[in-house]
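> The following block contains the structure, expressed as structure tokens.
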Amino acid sequence: MKKMYFLIAAAAMLLTACHCDNHCPKPPFKAPPPKVPYGNSAFIPADSANKMILSYLTSINYQQNDTDLDCLTVDADTMRAYLANTNVKKIKLMFGHTLEYINAGGGNQYCGYQTGALTVIIACYDSMNNYVYYHAPQSAVNMVMDHAEPCPSNCARGGSAASNVLIQQPQPPQKK
């Protein structure tokens with residue numbers, strides 16, 4: 001369960017980062033928000049994550065634009081199957097074009113943040129910095145995760161996850 005929370009936090013930070021070639025404004029350095037260490041990564045407060053998410057969403061004019069990518073989601077059961085390998089020490093999130101976009105003639109073509117054109121490829125690696133592949137039962141094929149579902153076309157339609165920002169709900173007390 002902790003690994004899933006790590007993935008969610010890492011994906012939120014990665015997907016809200018500015019991807020540009022020196023044309024994004026460089027704000028003056030300010031102290032980062034408080035973080036809770038977890039391994040070599042950290043959890044951040046939901047309000048800090050919301051600030052980061054809203055900055056990205058505002059930059060793509062998300063209220064008027066339903067073609068740019070808001071977020072990507074991955075299946076938790078698939079992630080758990082991959083993380084069952086205890087050799088996995090890190091998760092690498094890499095942006096890629098979807099095969100549908102490539103096969104429609106978009107290969108090697110800039111797509112901006114177009115929904116349906118971008119995906120995230122998720123590969124794990126070990127303590128020696130070597131990739132750890134997933135192998136389906138009775139298969140020797142090296143596999144990594146794909147098929148992140150793009151939002152707005154495949155967004156959550158109900159519950160707090162339907163919101164573009166993190167809705168904070170009271171958490172039940174943790175068992176000691």
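> Looking at the structure I just gave you, is Ala148 of a type in the set (Gly, Ala, Ser), under 12 Å from the mean Cα position of the chain (by Cα) and crowded, with 18+ Cβ neighbours inside 10 Å?
The answer is yes for Ala148.
> Restricting to the range 146-161, what's the tally of residues that are under 20 Å from Lys51 (Cβ atoms) and modelled with pLDDT of 80 or more? Lay out the reasoning, then the answer.
Initial filter on the range 146-161 (under 20 Å from Lys51 (Cβ atoms)): 151, 160-161.
Retained after the next criterion (residues that are modelled with pLDDT of 80 or more): 160-161.
Adding up the residues that qualify gives 2.
> Another question, if that's okay. Only residues that are in contact with a helix residue (DSSP H, G or I) (Cβ under 6 Å, 6 or more places away or on another chain) and assigned to a loop (DSSP other than H, G, I, E, B): list them for the range 107-163, please.
Within the range 107-163, Ala117, Ala156 meet the criteria.
> I'm checking my understanding of the structure. Among residues of the range 70-99 that are part of a loop (DSSP other than H, G, I, E, B), at pLDDT 85 or above and under 17 Å from the mean Cα position of the chain (by Cα), which one is surrounded by the fewest Cβ atoms within 10 Å (Cβ to Cβ)?
For the range 70-99, the residue satisfying everything is Asp75.
> Working only within the range 42-59, note down all residues that are out of contact with any helix residue (DSSP H, G or I) (no Cβ under 6 Å at 6 or more places or on another chain), modelled with pLDDT under 85 and not basic (Lys, Arg). Spell out the reasoning first.
Within the range 42-59, the subset out of contact with any helix residue (DSSP H, G or I) (no Cβ under 6 Å at 6 or more places or on another chain) is 42, 44-48, 50-51, 54-55, 57-59.
Now narrow it down to the ones that are modelled with pLDDT under 85: 42, 44-48, 50-51, 55, 59.
Residues satisfying the conditions are Ala42, Ile44, Pro45, Ala46, Asp47, Ser48, Asn50, Ser55, Ser59.
> Suppose we keep only residues that are among the hydrophobic types (A, V, I, L, M, F, W, C) and closer than 15 Å to Met79 by Cα within the range 123-141. Which one would you say is surrounded by the fewest Cβ atoms within 10 Å (Cβ to Cβ)?
Here is the first cut: in the range 123-141, the ones among the hydrophobic types (A, V, I, L, M, F, W, C) are 123-124, 128, 132, 136, 140-141.
Narrowing the set further to residues that are closer than 15 Å to Met79 by Cα leaves 123-124, 132, 136.
Numbers: Ala123: 20, Cys124: 20, Val132: 19, Ala136: 9.
My answer is Ala136.
> What is the one condition in (1) touching a strand residue (DSSP E or B) at 6+ places or on another chain (Cβ under 8 Å); (2) modelled with pLDDT of 85 or more that Asn103 does not satisfy?
(1)
The values are calculated or read from the model by the stated rules, or taken from the named source; none is laboratory data. Everything numeric in this text was worked out from a predicted model, so none of it was measured. FYI the Cβ positions are ideal-geometry reconstructions off the backbone, even for glycines, and counts take in every protein chain you see.
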